[in-house]
Amino acid sequence: MIKLTGLVKRYPGRAVGANAVDGIDLEVGEGKLTTLLGPSGCGKTTTLRLIAGLERADAGTVEIGGQVVSDPARGIFIGPHRRPIGIVFQSYAIWPHMTVVENVMFPLKVSRPRPRKGEARKRALEALDAVGLADFAERPAPALSGGQQQRVALARALVREPKVLLLDEPLSNLDKGLRGRMRDEIRAVQQRLGITTVFVTHDQDEALAVSDDVVVMNGGHVVERGIPHAIYTYPRDMFTARFLGVSNSLDGVVESVGPEGATVSFGKRSMLCSQCEAIEAGQTVSVFMRPESFKLSRRQHSDEAWPGTIEFSIYHGDCWDYHVRLGDDLLKVRVYREKVGLEHGDLVFLEPDPDSAIVMPAATGMAATPAEVPATT
Ligand SMILES: Nc1ncnc2c1ncn2[C@@H]1O[C@H](COP(=O)(O)OP(=O)(O)OP(=O)(O)O)[C@@H](O)[C@H]1O
Ligand SMILES: [Mg+2]
C-alpha cells in the first residue's frame, strides 16, 4: 500500500552527511498498522511528513496505493491535499472557534471535489461515530477533555476516508491512564476500518502493543523490522536490544555448541543459551538478558546458579528490580513477587533462563537468530 524506495531528506542548512532520512526502503502492507519506533531525532516525523507530502524528498520515491506521489528524479510531486491520507499530529490542533462537527468537516471544505454541505456533515457525523463521539457533535471544541480532543483529531483525519492514516505521536500529550485507553481505541478503530496506518512513537510499549509490524529506526536508517513478538524476543541488532529494554549484557566466549545450545563462559560463570544458530565454539559473543529472564533465590538450587550480592532495589508497584553485583558485572533482575525482603549486601543466586538469552557475535552487533523467527522484510 505504501512503498518507500531509497528515500532521502536533508533539511536546508544541515551538513552533508547529516540526512534526517538517509536512504529508507520500506513497504507498509494494506490494512496493517506499522510503527516507526526510535529515539528522538532518528527521522520518524520526517519520514511521515515525506509520506504525507508535507516535505519534499531529495531523492527516492514514495508510492501510495500503487501511485508514485513523489519522485524528484522524474519531477513528480503530488501535494498533500491530493494524497489519499489522513494525519494526526502530537499537538492535535483543534480549531477552538468551531464546534466539534465543524472541526471534523473542515478537511472536506478544502478537498477537491468538495462535497455538498449536507453530505459533508453526514460524513463528519459518521467519522465522529467511528471514534465514539457522536453525542458531542454540537459542543464547542474546547469544551472537551484532552482525550476527547484527540479523538476529534482522529475523526478529522478519517473524514475524507483516506487510504492511509498517519499518526505522529498522537498520545504523547495525554496522561498515562488515558494514553493506554486511547492507544487501545486507535487500534480498535484501525482494525475495524481496516485502514493502512503508519504510527510514530518513541515508546516501545506502545509500539509493541498496537502494531502488526515494528520498524526500528536510528540515525535516519531502518535498523530492523519485524512483528512485535520477534522484535521483542529476538532482536537482531544491539541497538534494538538496548532500545527495547534489554539492559543486561555480558561478554563471553563460546565454550561448546551442542544439541541443547551453546555454552558460553564468562570467566568463572557459564550458561547455556538455547537460541544460537550461527554461533561457533571459540567465538567471542555478547549475551543479552532481560531483567525478567533470571530466577533469583536466597538459596543455591543448582550448581550452575551464579552467586552475587544485592547492591540496591527499586520498587515499581507490580515488581521489584534488584541490582545484583557479580564481580565486575552489575545485573538488573526483575522479581514479580512480594518483596523478597532483600537488602544491600545480601547473598543471592541467579539462574539465567537459557531460552531468553540473545546471543550476538561481539564484533558485529548482529544477533545470531534462530531460523524460525518470522522473517523481516
Ligand atoms: N525543519 C527542520 N529543519 C532542520 N532540521 C530538522 C527539521 N526538522 C527536523 N530536523 C532534524 O532532522 C532530524 C530528524 O528529525 P525528526 O523530527 O524526523 O525526528 P523524530 O524521530 O521525529 O524525533 P522526535 O522523537 O524527537 O519527534 C533531527 O536531527 C532534527 O533535528
Ligand atoms: Mg517526531
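The values are calculated or read from the model by the stated rules, or taken from the named source; none is laboratory data. Here the structure is a predicted model, which means the values were calculated and not measured. Every residue, glycine as well, gets a Cβ built from its backbone with ideal geometry; the counts of neighbours run over all protein chains shown. Each accessible area value is taken on the protein alone, full model and side chains, heavy atoms only, with ligands, DNA and RNA left out. Shrake-Rupley method; radii C 1.70, N 1.55, O 1.52, S 1.80 Å.
Of note:
- Every residue from the stretch 72-123 that is of a type in the set (D, E, K, R) and closer than 26 Å to Thr61 by Cα: Arg74, Arg82, Arg83, Arg112
- Residue match in the stretch 340-359 (condition: in contact with a Gly (Cβ under 7 Å, 6 or more places away or on another chain), under 24 Å from Pro235 (Cα atoms), open to solvent by less than 80 Å² (accessible area, probe 1.4 Å) and touching a residue at least 60 places away in the same chain (Cβ under 8 Å)): yes
- Hits in the stretch 190-218 - residues which are over 22 Å from Ile358 (Cβ atoms), more than 8 Å from the chain's Cα centre (by Cα) and of a type outside the set (Lys, Arg): Gln190, Gln191, Leu193, Gly194, Ile195, Thr196, Thr197, Val198, Phe199, Val210, Asp212
- Within the stretch 261-281, the residues that satisfy the criterion of being touching a Cys at 6+ places or on another chain (Cβ under 9 Å), modelled with pLDDT of 90 or more and open to solvent by less than 20 Å² (accessible area, probe 1.4 Å) are Gly261, Ala262, Val264.
- Of the strands (runs of 3 or more DSSP E) contained entirely in the stretch 165-260, those carrying at least 3 residues that are without any contact (Cβ under 8 Å) to a residue 40 or more places away in the chain and open to solvent by 10 Å² or more (accessible area, probe 1.4 Å) fall at 248-258.
- Of residues in the stretch 1-33 being β-branched (Val, Ile, Thr) and away from ligand 2 (no atom under 16 Å from the Cβ), the one nearest to Ile85 (Cα to Cα): Ile2
- If you go through the stretch 165-209 and keep only what is within 13 Å of ligand 2 (Cβ to nearest atom), under 19 Å from Lys32 (Cα atoms) and polar (S, T, N, Q), you end up with just Thr201.
- Every residue from the stretch 315-338 that is open to solvent by less than 100 Å² (accessible area, probe 1.4 Å) and over 22 Å from Leu250 (Cα atoms): His316, Gly317, Cys319
- Of the residues screened, Gln150 is not one that is open to solvent by 70 Å² or more (accessible area, probe 1.4 Å) and under 24 Å from the mean Cα position of the chain (by Cα).
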